[in-house]
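Participant: Mind having a look at this structure? Questions to follow.
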Amino acid sequence: MRTRLTELLGVEHPIIQGGLAHIATGAFAAAVAEAGAFAQITATSLPTPDDLAREVEAFRARSAKPFGINVAMGHRPVDAFLEAAIAARPTAISLTGGNPAPYIPRIKAAGILVLVLVASLRQAEKAEALGADAVIAVGQEGGGHIGRDDVGTLVLVRRVAQALRVPVVASGGVADGAGLLAALALGAAGVELGTRFLATVECPVHPRYKAALLEAGETETVVVGRSTGAPGRVLPGPWVDVIRRHEQEGGEAPLWTLMTAEHNRRGALAGDFERGFVWAGQGVGLIRDVPSVRDLVTRMVREAEAGWHDLAPVFGRAGSPEAAAR
Ligand SMILES: Cc1cc2nc3c(=O)[nH]c(=O)nc-3n(C[C@H](O)[C@H](O)[C@H](O)COP(=O)(O)O)c2cc1C
(Lines give C-alpha, C1' and ligand atoms only; values in the text may rest on other atoms or scores of the structure.)
Protein backbone atom coordinates (compact mmCIF):
# COMPACT_ATOMS: atom_id res chain seq x y z
CA MET A 1 0.00 0.00 0.00
CA ARG A 2 1.21 3.51 -0.79
CA THR A 3 -0.25 6.62 0.78
CA ARG A 4 1.06 10.04 1.78
CA LEU A 5 1.79 8.52 5.19
CA THR A 6 3.94 5.65 3.91
CA GLU A 7 5.83 8.18 1.78
CA LEU A 8 6.31 10.56 4.70
CA LEU A 9 7.49 7.95 7.21
CA GLY A 10 9.24 5.58 4.80
CA VAL A 11 7.30 2.50 5.85
CA GLU A 12 5.63 -0.30 3.95
CA HIS A 13 2.11 -0.06 5.42
CA PRO A 14 0.03 2.99 6.46
CA ILE A 15 -0.26 1.70 10.00
CA ILE A 16 1.18 3.43 13.09
CA GLN A 17 1.60 1.68 16.42
CA GLY A 18 0.36 4.28 18.89
CA GLY A 19 2.26 5.39 21.94
CA LEU A 20 1.59 2.81 24.65
CA ALA A 21 2.62 4.03 28.08
CA HIS A 22 4.70 1.44 30.04
CA ILE A 23 4.32 -1.02 27.15
CA ALA A 24 5.92 0.26 23.93
CA THR A 25 9.51 -0.78 24.61
CA GLY A 26 12.34 -0.86 22.09
CA ALA A 27 11.97 -4.63 21.66
CA PHE A 28 8.22 -4.42 21.03
CA ALA A 29 8.60 -1.47 18.66
CA ALA A 30 11.24 -3.44 16.73
CA ALA A 31 8.74 -6.28 16.17
CA VAL A 32 6.24 -3.75 14.82
CA ALA A 33 8.82 -2.06 12.60
CA GLU A 34 10.00 -5.38 11.19
CA ALA A 35 6.37 -6.13 10.28
CA GLY A 36 6.36 -3.04 8.03
CA ALA A 37 4.30 -0.68 10.21
CA PHE A 38 5.51 2.54 11.84
CA ALA A 39 6.60 1.67 15.38
CA GLN A 40 6.99 3.99 18.33
CA ILE A 41 8.86 3.83 21.61
CA THR A 42 6.98 5.57 24.41
CA ALA A 43 9.30 7.95 26.24
CA THR A 44 7.56 9.68 29.09
CA SER A 45 6.39 6.56 30.94
CA LEU A 46 10.03 5.51 31.39
CA PRO A 47 11.72 6.37 34.69
CA THR A 48 14.46 8.59 33.21
CA PRO A 49 15.68 9.94 29.85
CA ASP A 50 18.63 7.53 30.08
CA ASP A 51 16.13 4.68 29.97
CA LEU A 52 14.88 6.09 26.67
CA ALA A 53 18.40 5.90 25.24
CA ARG A 54 18.54 2.25 26.36
CA GLU A 55 15.19 1.44 24.73
CA VAL A 56 16.34 3.05 21.48
CA GLU A 57 19.49 0.92 21.64
CA ALA A 58 17.35 -2.18 22.16
CA PHE A 59 15.32 -1.17 19.09
CA ARG A 60 18.38 -0.58 16.94
CA ALA A 61 19.89 -3.92 17.98
CA ARG A 62 16.84 -5.57 16.37
CA SER A 63 15.78 -3.30 13.53
CA ALA A 64 17.16 -0.73 11.12
CA LYS A 65 13.67 0.40 10.06
CA PRO A 66 12.25 3.88 10.67
CA PHE A 67 10.68 4.45 14.10
CA GLY A 68 9.15 7.16 16.22
CA ILE A 69 9.28 8.29 19.84
CA ASN A 70 6.08 9.28 21.66
CA VAL A 71 6.28 12.12 24.16
CA ALA A 72 3.36 13.01 26.46
CA MET A 73 3.60 16.69 27.33
CA GLY A 74 1.25 16.68 30.29
CA HIS A 75 2.22 14.94 33.44
CA ARG A 76 5.89 15.59 34.16
CA PRO A 77 8.67 17.91 33.10
CA VAL A 78 9.09 16.88 29.47
CA ASP A 79 12.19 18.84 28.49
CA ALA A 80 14.76 16.21 29.42
CA PHE A 81 12.74 13.49 27.67
CA LEU A 82 12.36 15.64 24.58
CA GLU A 83 16.10 16.31 24.48
CA ALA A 84 16.79 12.58 24.79
CA ALA A 85 14.22 11.85 22.08
CA ILE A 86 15.81 14.38 19.71
CA ALA A 87 19.30 13.04 20.50
CA ALA A 88 18.13 9.53 19.55
CA ARG A 89 17.40 10.78 15.99
CA PRO A 90 14.15 8.93 15.29
CA THR A 91 12.26 9.48 12.03
CA ALA A 92 9.45 11.22 13.92
CA ILE A 93 8.43 12.37 17.37
CA SER A 94 4.74 12.26 18.26
CA LEU A 95 3.38 14.71 20.80
CA THR A 96 0.29 14.15 22.92
CA GLY A 97 -1.53 15.51 25.93
CA GLY A 98 -0.74 19.21 25.98
CA ASN A 99 0.14 22.31 24.01
CA PRO A 100 2.72 21.37 21.34
CA ALA A 101 3.65 24.99 20.51
CA PRO A 102 6.88 25.14 22.58
CA TYR A 103 8.14 21.78 21.30
CA ILE A 104 7.44 21.67 17.57
CA PRO A 105 10.13 24.20 16.55
CA ARG A 106 12.82 22.33 18.53
CA ILE A 107 11.97 19.03 16.87
CA LYS A 108 11.77 20.49 13.39
CA ALA A 109 15.03 22.34 13.85
CA ALA A 110 16.64 18.94 14.41
CA GLY A 111 15.24 17.70 11.08
CA ILE A 112 12.86 15.24 12.74
CA LEU A 113 9.23 14.88 11.64
CA VAL A 114 6.51 15.93 14.09
CA LEU A 115 3.24 14.07 14.52
CA VAL A 116 0.62 15.61 16.81
CA LEU A 117 -2.27 13.73 18.39
CA VAL A 118 -5.52 15.71 18.45
CA ALA A 119 -9.09 15.06 19.54
CA SER A 120 -10.80 18.05 17.92
CA LEU A 121 -10.82 20.00 14.68
CA ARG A 122 -9.57 23.08 16.53
CA GLN A 123 -6.52 21.25 17.87
CA ALA A 124 -5.85 19.78 14.42
CA GLU A 125 -5.88 23.18 12.72
CA LYS A 126 -3.60 24.57 15.40
CA ALA A 127 -1.15 21.66 15.03
CA GLU A 128 -0.97 22.18 11.27
CA ALA A 129 -0.46 25.92 11.69
CA LEU A 130 2.39 25.22 14.13
CA GLY A 131 4.14 23.04 11.54
CA ALA A 132 3.07 19.45 12.32
CA ASP A 133 4.01 17.10 9.46
CA ALA A 134 0.96 14.90 10.11
CA VAL A 135 -1.92 14.92 12.53
CA ILE A 136 -3.32 11.87 14.31
CA ALA A 137 -7.03 12.38 14.99
CA VAL A 138 -8.19 10.23 17.92
CA GLY A 139 -11.92 9.57 18.24
CA GLN A 140 -13.67 8.96 21.53
CA GLU A 141 -13.91 5.18 21.02
CA GLY A 142 -10.12 4.88 21.41
CA GLY A 143 -8.25 3.36 24.33
CA GLY A 144 -6.27 5.46 26.79
CA HIS A 145 -6.72 9.20 27.06
CA ILE A 146 -9.43 10.59 24.82
CA GLY A 147 -10.65 14.10 24.07
CA ARG A 148 -13.19 15.95 26.16
CA ASP A 149 -15.65 16.48 23.33
CA ASP A 150 -16.82 12.90 22.79
CA VAL A 151 -16.59 13.08 19.00
CA GLY A 152 -16.30 9.67 17.35
CA THR A 153 -13.62 8.70 14.85
CA LEU A 154 -15.98 8.66 11.83
CA VAL A 155 -16.91 12.33 12.18
CA LEU A 156 -13.65 13.65 13.63
CA VAL A 157 -11.42 12.13 10.96
CA ARG A 158 -13.66 13.33 8.14
CA ARG A 159 -13.76 16.86 9.54
CA VAL A 160 -10.00 16.98 10.02
CA ALA A 161 -9.23 15.40 6.64
CA GLN A 162 -11.41 17.99 4.90
CA ALA A 163 -9.78 20.89 6.71
CA LEU A 164 -6.06 20.05 6.68
CA ARG A 165 -3.42 19.89 3.97
CA VAL A 166 -0.99 17.65 5.87
CA PRO A 167 -1.68 13.90 6.04
CA VAL A 168 -4.26 12.85 8.63
CA VAL A 169 -4.09 9.56 10.51
CA ALA A 170 -7.30 7.98 11.83
CA SER A 171 -7.17 6.61 15.36
CA GLY A 172 -9.71 5.19 17.78
CA GLY A 173 -11.58 1.97 17.14
CA VAL A 174 -9.49 0.78 14.20
CA ALA A 175 -8.67 -2.87 14.79
CA ASP A 176 -8.72 -4.63 11.41
CA GLY A 177 -8.47 -4.19 7.65
CA ALA A 178 -12.03 -2.96 7.31
CA GLY A 179 -11.20 -0.14 9.72
CA LEU A 180 -8.11 0.70 7.67
CA LEU A 181 -10.14 0.77 4.45
CA ALA A 182 -12.82 2.92 6.10
CA ALA A 183 -10.17 5.37 7.32
CA LEU A 184 -8.76 5.71 3.80
CA ALA A 185 -12.30 6.29 2.50
CA LEU A 186 -12.67 9.15 4.98
CA GLY A 187 -9.62 10.84 3.50
CA ALA A 188 -7.09 9.67 6.06
CA ALA A 189 -3.64 8.61 4.84
CA GLY A 190 -3.40 5.80 7.37
CA VAL A 191 -4.37 4.57 10.81
CA GLU A 192 -2.96 4.45 14.32
CA LEU A 193 -3.77 1.46 16.53
CA GLY A 194 -3.39 1.16 20.26
CA THR A 195 -5.69 -1.47 21.70
CA ARG A 196 -5.30 -4.00 18.86
CA PHE A 197 -1.52 -4.11 19.23
CA LEU A 198 -1.87 -5.12 22.90
CA ALA A 199 -3.29 -8.52 21.99
CA THR A 200 -0.21 -9.73 20.11
CA VAL A 201 2.38 -12.35 20.95
CA GLU A 202 5.24 -9.86 21.29
CA CYS A 203 3.40 -7.26 23.37
CA PRO A 204 4.92 -7.26 26.88
CA VAL A 205 1.65 -6.80 28.83
CA HIS A 206 0.55 -9.37 31.42
CA PRO A 207 -1.28 -12.45 30.03
CA ARG A 208 -4.31 -11.50 32.16
CA TYR A 209 -4.54 -8.21 30.23
CA LYS A 210 -4.48 -10.09 26.91
CA ALA A 211 -7.12 -12.53 28.19
CA ALA A 212 -9.33 -9.62 29.30
CA LEU A 213 -9.01 -8.05 25.83
CA LEU A 214 -10.12 -11.30 24.21
CA GLU A 215 -13.07 -11.57 26.54
CA ALA A 216 -14.38 -7.99 26.56
CA GLY A 217 -17.02 -6.82 24.10
CA GLU A 218 -17.41 -3.38 22.56
CA THR A 219 -20.01 -2.32 25.15
CA GLU A 220 -17.81 -3.06 28.13
CA THR A 221 -15.16 -0.33 28.17
CA VAL A 222 -15.77 2.63 30.44
CA VAL A 223 -14.53 6.21 30.52
CA VAL A 224 -13.05 7.35 33.81
CA GLY A 225 -11.41 10.56 35.00
CA ARG A 226 -13.71 13.08 33.33
CA SER A 227 -13.62 15.28 36.42
CA THR A 228 -9.79 15.43 36.27
CA GLY A 229 -10.01 16.97 32.78
CA ALA A 230 -8.17 13.99 31.31
CA PRO A 231 -10.76 11.29 30.55
CA GLY A 232 -9.55 7.88 29.49
CA ARG A 233 -11.13 4.63 28.31
CA VAL A 234 -10.40 1.53 30.40
CA LEU A 235 -11.44 -2.08 30.84
CA PRO A 236 -13.75 -2.72 33.79
CA GLY A 237 -12.39 -4.41 36.92
CA PRO A 238 -12.31 -4.17 40.71
CA TRP A 239 -9.99 -1.14 40.78
CA VAL A 240 -12.06 0.62 38.11
CA ASP A 241 -15.07 0.04 40.38
CA VAL A 242 -13.18 1.90 43.12
CA ILE A 243 -12.44 4.76 40.72
CA ARG A 244 -16.06 4.95 39.58
CA ARG A 245 -17.39 4.89 43.13
CA HIS A 246 -15.07 7.79 43.94
CA GLU A 247 -16.36 9.66 40.89
CA GLN A 248 -19.96 9.18 41.98
CA GLU A 249 -19.66 9.59 45.73
CA GLY A 250 -16.42 11.48 46.23
CA GLY A 251 -13.58 10.44 48.51
CA GLU A 252 -10.91 11.76 50.78
CA ALA A 253 -7.98 11.81 48.37
CA PRO A 254 -8.30 13.50 44.97
CA LEU A 255 -9.43 11.20 42.16
CA TRP A 256 -6.14 11.32 40.30
CA THR A 257 -4.42 9.55 43.20
CA LEU A 258 -6.38 6.43 42.20
CA MET A 259 -5.30 6.74 38.57
CA THR A 260 -1.54 7.15 38.77
CA ALA A 261 1.08 5.72 36.44
CA GLU A 262 1.83 3.15 39.14
CA HIS A 263 -1.80 1.95 39.16
CA ASN A 264 -1.64 1.65 35.37
CA ARG A 265 1.67 -0.22 35.48
CA ARG A 266 0.29 -2.62 38.08
CA GLY A 267 -2.66 -3.44 35.84
CA ALA A 268 -0.80 -3.65 32.55
CA LEU A 269 2.44 -5.35 33.58
CA ALA A 270 1.50 -7.27 36.74
CA GLY A 271 -2.08 -8.11 35.73
CA ASP A 272 -3.26 -6.80 39.11
CA PHE A 273 -6.80 -5.53 38.56
CA GLU A 274 -7.47 -5.36 42.31
CA ARG A 275 -5.07 -2.45 42.70
CA GLY A 276 -4.52 -1.40 39.10
CA PHE A 277 -6.33 -0.52 35.86
CA VAL A 278 -5.70 -0.94 32.12
CA TRP A 279 -6.61 1.16 29.12
CA ALA A 280 -8.62 -0.24 26.19
CA GLY A 281 -10.82 1.12 23.41
CA GLN A 282 -14.16 -0.07 22.05
CA GLY A 283 -12.20 -1.95 19.38
CA VAL A 284 -11.79 -4.76 21.95
CA GLY A 285 -15.05 -6.05 20.51
CA LEU A 286 -13.12 -6.85 17.32
CA ILE A 287 -10.29 -8.77 19.01
CA ARG A 288 -10.62 -12.54 18.77
CA ASP A 289 -7.05 -13.81 18.78
CA VAL A 290 -3.48 -13.07 19.82
CA PRO A 291 -1.43 -13.20 16.62
CA SER A 292 2.19 -12.21 16.11
CA VAL A 293 2.59 -8.55 15.21
CA ARG A 294 3.63 -9.58 11.70
CA ASP A 295 0.52 -11.72 11.21
CA LEU A 296 -1.69 -8.90 12.51
CA VAL A 297 -0.23 -6.29 10.18
CA THR A 298 -0.18 -8.59 7.15
CA ARG A 299 -3.76 -9.65 7.79
CA MET A 300 -4.94 -6.06 8.12
CA VAL A 301 -3.45 -5.10 4.79
CA ARG A 302 -4.88 -8.20 3.12
CA GLU A 303 -8.32 -7.55 4.61
CA ALA A 304 -8.28 -3.94 3.43
CA GLU A 305 -7.41 -5.04 -0.10
CA ALA A 306 -10.07 -7.75 -0.11
CA GLY A 307 -12.60 -5.27 1.26
CA TRP A 308 -11.82 -2.88 -1.57
CA HIS A 309 -12.44 -5.58 -4.16
CA ASP A 310 -15.58 -6.73 -2.40
CA LEU A 311 -16.98 -3.20 -2.65
CA ALA A 312 -16.64 -3.08 -6.42
CA PRO A 313 -20.08 -4.65 -7.13
CA VAL A 314 -21.68 -1.87 -5.08
CA PHE A 315 -20.51 0.48 -7.81
CA GLY A 316 -21.55 -1.87 -10.58
CA ARG A 317 -18.17 -3.50 -11.22
CA ALA A 318 -17.19 -7.14 -11.11
CA GLY A 319 -15.25 -7.23 -7.86
CA SER A 320 -12.96 -10.02 -6.74
CA PRO A 321 -13.35 -13.62 -7.88
CA GLU A 322 -14.18 -14.44 -4.23
CA ALA A 323 -16.99 -11.88 -4.21
CA ALA A 324 -18.29 -13.08 -7.57
CA ALA A 325 -18.39 -16.66 -6.28
CA ARG A 326 -20.58 -15.72 -3.31
C1 LIG B 1 -2.67 0.82 26.83
C2 LIG B 1 -2.64 2.11 26.09
C3 LIG B 1 -1.67 3.06 26.39
C4 LIG B 1 -1.60 4.26 25.69
N5 LIG B 1 -0.58 5.14 25.95
C6 LIG B 1 -0.42 6.21 25.14
C7 LIG B 1 0.72 7.05 25.28
O8 LIG B 1 1.56 6.86 26.16
N9 LIG B 1 0.86 8.07 24.41
C10 LIG B 1 -0.06 8.29 23.40
O11 LIG B 1 0.14 9.21 22.60
N12 LIG B 1 -1.15 7.55 23.27
C13 LIG B 1 -1.34 6.50 24.11
N14 LIG B 1 -2.44 5.70 23.92
C15 LIG B 1 -3.36 5.99 22.81
C16 LIG B 1 -2.96 5.22 21.54
O17 LIG B 1 -1.72 5.63 21.09
C18 LIG B 1 -3.99 5.40 20.42
O19 LIG B 1 -4.13 6.75 20.09
C20 LIG B 1 -5.33 4.81 20.80
O21 LIG B 1 -5.15 3.61 21.49
C22 LIG B 1 -6.17 4.59 19.57
O23 LIG B 1 -7.38 3.95 19.85
P24 LIG B 1 -7.55 2.36 19.84
O25 LIG B 1 -7.13 1.93 21.20
O26 LIG B 1 -9.00 2.16 19.60
O27 LIG B 1 -6.69 1.80 18.76
C28 LIG B 1 -2.55 4.53 24.67
C29 LIG B 1 -3.55 3.58 24.40
C30 LIG B 1 -3.61 2.39 25.08
C31 LIG B 1 -4.69 1.39 24.74
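The values are calculated or read from the model by the stated rules, or taken from the named source; none is laboratory data. As the structure is a computational prediction, the values presented were derived from the model and not from experiment. No Cβ is skipped: glycine too gets one built from the backbone with ideal geometry, and neighbour counts run over all protein chains shown.
Participant: Among the residues of the range 302-320, are any hydroxyl-bearing (Ser, Thr, Tyr), more than 23 Å from the chain's Cα centre (by Cα) and not in a helix (DSSP H, G or I)? If you could, list the steps in order and put the result at the bottom.
Facilitator: From the range 302-320, those hydroxyl-bearing (Ser, Thr, Tyr) are 320; that's our starting set.
From the residues that got through so far, the ones that are more than 23 Å from the chain's Cα centre (by Cα) too are 320.
Of the ones still in play, those that are also not in a helix (DSSP H, G or I) are 320.
Yes, the range 302-320 contains at least one residue that is hydroxyl-bearing (Ser, Thr, Tyr), more than 23 Å from the chain's Cα centre (by Cα) and not in a helix (DSSP H, G or I).
Participant: Kindly establish whether Arg158 is charged (D, E, K, R) and in contact with a helix residue (DSSP H, G or I) (Cβ under 9 Å, 6 or more places away or on another chain). Let's see the steps before the verdict.
Facilitator: Details: charged (D, E, K, R): yes; in contact with a helix residue (DSSP H, G or I) (Cβ under 9 Å, 6 or more places away or on another chain): no.
Considered against the rule, which asks whether it is charged (D, E, K, R) and in contact with a helix residue (DSSP H, G or I) (Cβ under 9 Å, 6 or more places away or on another chain), Arg158 comes out as no.
Participant: Every residue in the range 92-111 that is within 12 Å of the ligand (Cβ to nearest atom) and either farther than 19 Å from Ala230 by Cβ or of a type in the set (A, V, I, L, M, F, W, C) (or both), please.
Facilitator: Scanning the range 92-111 gives Ile93, Leu95.
Participant: Exactly one condition in (1) assigned to a loop (DSSP other than H, G, I, E, B); (2) more than 11 Å from the ligand (Cβ to nearest atom); (3) small (Gly, Ala, Ser); (4) farther than 22 Å from Arg302 by Cα is not met by Gly19; state its number.
Facilitator: (2)
Participant: Can you run down the residue pairs with Cβ atoms below 6 Å, 6 or more apart or on separate chains, where the first is in the range 82-102 and modelled with pLDDT of 95 or more and the partner is assigned to a loop (DSSP other than H, G, I, E, B) and of a type in the set (Gly, Ala, Ser)?
Facilitator: Partner pairs satisfying both residue conditions: Ala85/Ala43; Ile86/Ala110.
Participant: Only residues in the range 157-177 that are within 16 Å of Glu141 (Cα to Cα) count as the first member; pair them with residues that are more than 14 Å from the ligand (Cβ to nearest atom) and part of a helix (DSSP H, G or I), Cβ under 7 angstrom, at least 6 apart or cross-chain, and list the lot.
Facilitator: Going by the 7 Å Cβ cut-off, the qualifying pairs are Val169/Leu5; Asp176/Glu303.
Participant: Right, another one. Return the only residue of Arg288, Arg266, Arg299, Arg326 being basic (Lys, Arg) and modelled with pLDDT under 95.
Facilitator: Working: Arg288 fails: modelled with pLDDT under 95; Arg266 fails: modelled with pLDDT under 95; Arg299 fails: modelled with pLDDT under 95.
Just a single option satisfies the conditions, and that option is Arg326.
Participant: Report the residue count in the range 83-112 for those that are touching a Gly at 6+ places or on another chain (Cβ under 8 Å) and not in a helix (DSSP H, G or I). Spell out the reasoning first.
Facilitator: Kept after step one, since they are touching a Gly at 6+ places or on another chain (Cβ under 8 Å), are these residues of the range 83-112: 90-94, 96-98, 104-105, 108.
If we keep only those that are not in a helix (DSSP H, G or I) too, we end up with 90-94, 96-98.
Adding up the residues that qualify gives 8.
Participant: Looking at the structure I just gave you, is Arg244 out of contact with any strand residue (DSSP E or B) (no Cβ under 8 Å at 6 or more places or on another chain) and in a helix (DSSP H, G or I)?
Facilitator: Working: out of contact with any strand residue (DSSP E or B) (no Cβ under 8 Å at 6 or more places or on another chain): no; in a helix (DSSP H, G or I): yes.
No: the conditions fail for Arg244.
Participant: Something else about it: Which number in (1) under 17 Å from the mean Cα position of the chain (by Cα); (2) within 28 Å of Arg2 (Cβ to Cβ); (3) within 15 Å of the ligand (Cβ to nearest atom) marks the one condition that Ala127 misses?
Facilitator: (1)
Participant: While we're looking at this one, here's another question. Here is a check on your reading of the model: is Gly251 farther than 30 Å from Thr3 by Cβ, outside any helix (DSSP H, G or I) and within 14 Å of the ligand (Cβ to nearest atom)? Even if it seems obvious, please write down each step before you answer.
Facilitator: On the way: farther than 30 Å from Thr3 by Cβ: yes; outside any helix (DSSP H, G or I): yes; within 14 Å of the ligand (Cβ to nearest atom): no.
No.
Participant: Something else now. Kindly check whether there is at least one residue in the range 263-272 that is farther than 19 Å from Gly19 by Cα and not in a helix (DSSP H, G or I).
Facilitator: At the first step, the residues of the range 263-272 found to be farther than 19 Å from Gly19 by Cα are 270-272.
Add one more test, that the residue is not in a helix (DSSP H, G or I), and what stays is 271-272.
Scanning the range 263-272 turns up at least one residue that is farther than 19 Å from Gly19 by Cα and not in a helix (DSSP H, G or I).
Participant: Of Gly152, Gly143, which residue is within 13 Å of the ligand (Cβ to nearest atom), crowded, with 24+ Cβ neighbours inside 10 Å and modelled with pLDDT of 95 or more?
Facilitator: Working: Gly152 fails: crowded, with 24+ Cβ neighbours inside 10 Å.
None of the other options fit; the residue is Gly143.
Participant: Let me ask another. Please list, ordered by first then second residue, the pairs with beta carbon atoms under 8 Å, 6 or more apart or interchain, first in the range 1-29 and assigned by TED's automatic domain parsing to the domain that holds Pro66 and within 30 Å of Gly276 (Cβ to Cβ), second of a type in the set (Lys, Arg) and within 12 Å of the ligand (Cβ to nearest atom).
Facilitator: From residues that are assigned by TED's automatic domain parsing to the domain that holds Pro66 and within 30 Å of Gly276 (Cβ to Cβ), the pairs are His22/Arg265.
Participant: Another question, if that's okay. In the range 40-71, which residues are within 15 Å of Ile23 (Cβ to Cβ) and not in a strand (DSSP E or B)?
Facilitator: Passing the criteria: Ala43, Thr44, Ser45, Leu46, Pro47, Asp51, Leu52, Glu55, Ala58, Phe59.
Participant: Same structure again: Given the criteria of a type outside the set (Phe, Trp, Tyr), under 24 Å from Glu305 (Cβ atoms) and buried (at least 24 other Cβ atoms within 10 Å of the Cβ), does Arg196 qualify? Outline the logic, then answer.
Facilitator: Details: of a type outside the set (Phe, Trp, Tyr): yes; under 24 Å from Glu305 (Cβ atoms): yes; buried (at least 24 other Cβ atoms within 10 Å of the Cβ): yes.
Here the answer is yes, as Arg196 does meet what is asked.
Participant: Going by what's in this entry, would Leu121 be described as within 15 Å of the ligand (Cβ to nearest atom), more than 18 Å from Thr42 (Cβ to Cβ), at pLDDT 95 or above and crowded, with 17+ Cβ neighbours inside 10 Å? Before the answer, list the steps.
Facilitator: On the way: within 15 Å of the ligand (Cβ to nearest atom): no; more than 18 Å from Thr42 (Cβ to Cβ): yes; at pLDDT 95 or above: yes; crowded, with 17+ Cβ neighbours inside 10 Å: yes.
Judged against the criteria, Leu121 is not a match.
Listed here are the residues, each with its yes/no results for (1) within 30 Å of Phe38 (Cβ to Cβ); (2) touching a Ser or Thr at 6+ places or on another chain (Cβ under 9 Å).
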{"site": "Gly225", "(1), (2)": "yes, no"}
{"site": "Val234", "(1), (2)": "yes, yes"}
{"site": "Glu247", "(1), (2)": "no, yes"}
{"site": "Leu258", "(1), (2)": "no, no"}
{"site": "Gly267", "(1), (2)": "yes, no"}
{"site": "Glu274", "(1), (2)": "no, no"}
{"site": "Val290", "(1), (2)": "yes, yes"}
{"site": "Asp295", "(1), (2)": "yes, yes"}
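Participant: Residues of the range 203-230 being at pLDDT below 95 and within 21 Å of the chain's Cα centre (by Cα), which ones? Steps first, answer last, please.
Facilitator: Step one: filter the range 203-230 for residues at pLDDT below 95, giving 225-230.
Passing the criteria: Gly225, Arg226, Gly229, Ala230.
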